[in-house]
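What follows is a short report on a single structure.
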Amino acid sequence: MLRPSPPCRPRPPRDFADFAPPGWDRPAVERPVVCIQGLGFVGAAMAAAVARARDGAGRPFFNVLGVDLDTGRGRAAIDSLNAGRFPFATGDRALGGAVAAAHETGNLVATSDPAAYGLGGVILVDVNLDLDPTAAGPGAATPRLELDGFRRAIRTVGEHMMPGALVIVETTVPPGTCERVAAPELAAAFGARGLGAEDLLLAHSYERVMPGTRYLDSIVNYWRVYAGHSPAAAEACRDFLSRIVNVAAYPLRRLSSTTASETAKVLENSYRAVNIALIEEWGRFAEAVGVDLFEIVEAVRQRPTHSNIRQPGFGVGGYCLPKDPLLALAAARQIFDRDDLDFPFCRMAVEVNRAMPRVSVDALQGLLGGSLEGRRVLLLGVSYRPDVADTRATPAAVFVAEAGRRGARVLLHDPMVRDWPELGLEVPQALPDPGGLDAVVFAVAHEDYRRLELRDWLNGARPAVLDANNVLAPEQVEDLRALGCPMASVGRGGD
Ligand SMILES: NC(=O)c1ccc[n+]([C@@H]2O[C@H](COP(=O)([O-])OP(=O)(O)OC[C@H]3O[C@@H](n4cnc5c(N)ncnc54)[C@H](O)[C@@H]3O)[C@@H](O)[C@H]2O)c1
């Protein structure tokens, strides 16, 4: 009779290839290992950028181990990278190509096994750090940071990493996090292993990656800021980044502390959010008095001091801009114990930006004669920005809810997005027959919409058209006028 075999103890994994999926048949080449914690929109792209980095002779510098959680989302990212595919739909062919090339070379493997951190000479932290930005306006309660997940992620790294390895936090964190949260977590994990904190190397270097058609390029060919928790950590961080970033064209900028580097990221995004929010009231003014704010903004931008003034649009979304302006406020309360700092501009910007899609609903209602009741409206674009598949905090959600509340039936289309997980909706990939539509709203400047042959698609139909985000090219506008479609554009009076 066969006896059940005793429970077998797996051999502790020691090599890069031990973390590869079953059937992995790539040549085992020893290289320094870089671990990437979190394979979301940032971590997965960073994994591709690190795996792609080469020395002068064209040899890869690193073997890359991507690590995510054993959750539905984490597993999907892991399986996708292990199959040689970037996990998210993207308009950037270079990124897909870099992942496929790394798969072919055999220097990119993804896993949910945290023991992988034990191999990393460098460990990049690209996990999320959440804060609920709803109801954040002036006078509202201070939004709370969800620090526990970040703490757990750092603690896991500390439990497995080699002494002397470098941890680089890329996650956008409230100022003070590396010094007051990450370093103590790592030191505690080291202490529990009987290791001294003097073997810890911790740095901060924030991501400026821009998902879209220049996704990979925005990591490699772009300026970077970094800082170390110690001089040795700063130098190790500089040496690592110099192999990933094109530092000849984009020299690195070192700041004097991790708190300074964290503050730079939060200020950068707060500045942008406030700049966008400022324009909202000017767009409304332009529409009310019959001037074209785009024309005006172009004139203002001619002044070098004003060259980055924003323009009117559909709204602000994604994982970063809706929450980042609140991170300094949260840091003041939860990390520095300061009740006297309140950031009213940042609070106001978050509120104004979140409500911005209602401007488009108002414009649509005006275009349709004052009521949306029973109207069929096609929303073109539900992602938060052009040529990405990300729907997190997308302004389209506010539009859909508000237009629905006013009685409209909103149909969706987006060439990048198949599922809208936040609303639990499927998004059709084919444009509907325009015959029964009362209105079409161009909300996202996806390349497909800029190239859309409107005459062909409309085929004699004449829905009202709202350009909510400066999507349409002048020839498309001319076509619509010639076809007799009633038109309006957010930020342009007199249409
Ligand atoms: N998305 C952007 O365009 C962008 C740009 C610049 C900076 N950032 C910042 O980068 C960070 C990451 O953003 P994102 O868009 O990639 O987020 P994301 O939610 O897409 O990805 C985070 C990933 O981390 C994983 N994760 C969480 N805890 C983990 C743990 N303990 N171990 C392993 N994996 C874990 C999650 O499962 C998820 O897959 C955020 O701080 C964000 O603000 C994002």
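The values are calculated or read from the model by the stated rules, or taken from the named source; none is laboratory data. Being a predicted model, the structure only gives us computed values, none of them experimental. Here Cβ is always computed from backbone atoms with ideal geometry, including for glycine, and neighbour counts include all displayed protein chains.
Could you say whether any residue in the stretch 164-184 is within 12 Å of the ligand (Cβ to nearest atom), touching a Pro at 6+ places or on another chain (Cβ under 6 Å) and modelled with pLDDT of 95 or more? Checked the stretch 164-184: no residue is within 12 Å of the ligand (Cβ to nearest atom), touching a Pro at 6+ places or on another chain (Cβ under 6 Å) and modelled with pLDDT of 95 or more. Listed by position, the strands (runs of 3 or more DSSP E) enclosed by the stretch 406-494 that each have at least 1 residues that are within 25 Å of the chain's Cα centre (by Cα) are 409-413, 439-442, 464-467.
Residue by residue, here is whether (1) within 12 Å of the ligand (Cβ to nearest atom); (2) assigned by TED's automatic domain parsing to the domain that holds Arg392; (3) closer than 24 Å to Ala236 by Cα holds:
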| position | (1), (2), (3) |
| --- | --- |
| Ala94 | no, no, no |
| Gly97 | no, no, no |
| Ala100 | no, no, no |
| His103 | no, no, no |
| Asn107 | no, no, yes |
| Ser112 | yes, no, no |
| Gly120 | no, no, yes |
| Leu129 | yes, no, no |
| Asp132 | no, no, no |
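Please state which one of Val157, Val173, Val167 is closer than 21 Å to Leu241 by Cα and within 21 Å of the chain's Cα centre (by Cα). The unique qualifying residue is Val173. Hey, any hits in the stretch 301-308 for a residue that's among the β-branched types (Val, Ile, Thr), part of a helix (DSSP H, G or I), loosely packed, with under 15 Cβ neighbours inside 10 Å and free of Cβ contacts under 8 Å to residues at least 12 places away in the same chain? Yes.
Considering Ala439, Ala408, Ala393, Ala401, which residue is closer than 17 Å to Val471 by Cα and surrounded by 14 or more Cβ atoms within 10 Å (Cβ to Cβ)? None of the others qualify; the one that does is Ala439. Within the stretch 134-150, the set of residues being surrounded by fewer than 16 Cβ atoms within 10 Å (Cβ to Cβ) and either of a type in the set (Asp, Glu) or within 12 Å of the ligand (Cβ to nearest atom) (or both) comprises Glu146, Asp148, Gly149. Applying a threshold of 8 Å to beta carbon distances and a minimum spacing of six or more residues, or different chains, the list of pairs starting in the stretch 467-494 at a residue that is under 21 Å from Gly435 (Cβ atoms) and surrounded by 16 or more Cβ atoms within 10 Å (Cβ to Cβ) and ending at one that is of a type in the set (Asp, Glu) and at pLDDT 95 or above reads Met487/Asp467.
Here Arg180 clears all of (1) over 20 Å from Ile335 (Cα atoms); (2) more than 24 Å from the chain's Cα centre (by Cα); (3) in the same structural domain as Val157 (by TED's automatic domain parsing); (4) not in a loop (DSSP other than H, G, I, E, B) except the condition numbered (1). Consider Ala403 carefully, then state whether it is under 21 Å from Leu131 (Cα atoms), at pLDDT 95 or above, outside the structural domain of Gly40 (by TED's automatic domain parsing) and part of a helix (DSSP H, G or I). Judged against the criteria, Ala403 is not a match.
Whenever a residue of the stretch 15-26 is within 18 Å of Ala76 (Cα to Cα), its partners that are among the hydrophobic types (A, V, I, L, M, F, W, C), lying with C-beta atoms within less than 6 angstrom and at least six residues away or across chains, give the pairs Phe19/Leu65; Phe19/Val109; Phe19/Ala116; Ala20/Val109. Restricting attention to the stretch 36-54, the residues being assigned to a helix (DSSP H, G or I), touching a Ser or Thr at 6+ places or on another chain (Cβ under 9 Å) and within 9 Å of the ligand (Cβ to nearest atom) number 2. Would you confirm whether any residue within the stretch 230-248 is assigned to a strand (DSSP E or B), more than 26 Å from Thr90 (Cα to Cα), in contact with a strand residue (DSSP E or B) (Cβ under 9 Å, 6 or more places away or on another chain) and away from the ligand (no atom under 14 Å from the Cβ)? No, the conditions are met nowhere in the stretch 230-248. Figure legend. Inter-residue proximity from the stretch 140-163: first residues among the polar types (S, T, N, Q), second residues within 11 Å of the ligand (Cβ to nearest atom) and assigned to a helix (DSSP H, G or I), beta-carbon distance below 8 Å, spacing 6+ or different chains. Indicated pairs: Thr156/Pro114; Thr156/Tyr117. Residues in the stretch 79-101 that are crowded, with 19+ Cβ neighbours inside 10 Å, more than 12 Å from Asp387 (Cβ to Cβ) and among the hydrophobic types (A, V, I, L, M, F, W, C): Leu81, Phe86, Ala98, Val99. Taking the stretch 186-220 as the range and being without any contact (Cβ under 8 Å) to a residue 12 or more places away in the chain and within 15 Å of the ligand (Cβ to nearest atom) as the test, the residues that pass are Met210, Ser218.
For the stretch 249-279, how many residues are in contact with a strand residue (DSSP E or B) (Cβ under 7 Å, 6 or more places away or on another chain), farther than 22 Å from Asn221 by Cα, of a type in the set (A, V, I, L, M) and within 16 Å of the ligand (Cβ to nearest atom)?
Within the stretch 249-279, residues that are in contact with a strand residue (DSSP E or B) (Cβ under 7 Å, 6 or more places away or on another chain), farther than 22 Å from Asn221 by Cα, of a type in the set (A, V, I, L, M) and within 16 Å of the ligand (Cβ to nearest atom) number 0.
Go through the residues of the stretch 205-213 one by one and say whether even a single one is among the β-branched types (Val, Ile, Thr) and either out of contact with any strand residue (DSSP E or B) (no Cβ under 7 Å at 6 or more places or on another chain) or loosely packed, with under 15 Cβ neighbours inside 10 Å (or both). Yes, the stretch 205-213 contains at least one residue that is among the β-branched types (Val, Ile, Thr) and either out of contact with any strand residue (DSSP E or B) (no Cβ under 7 Å at 6 or more places or on another chain) or loosely packed, with under 15 Cβ neighbours inside 10 Å (or both).
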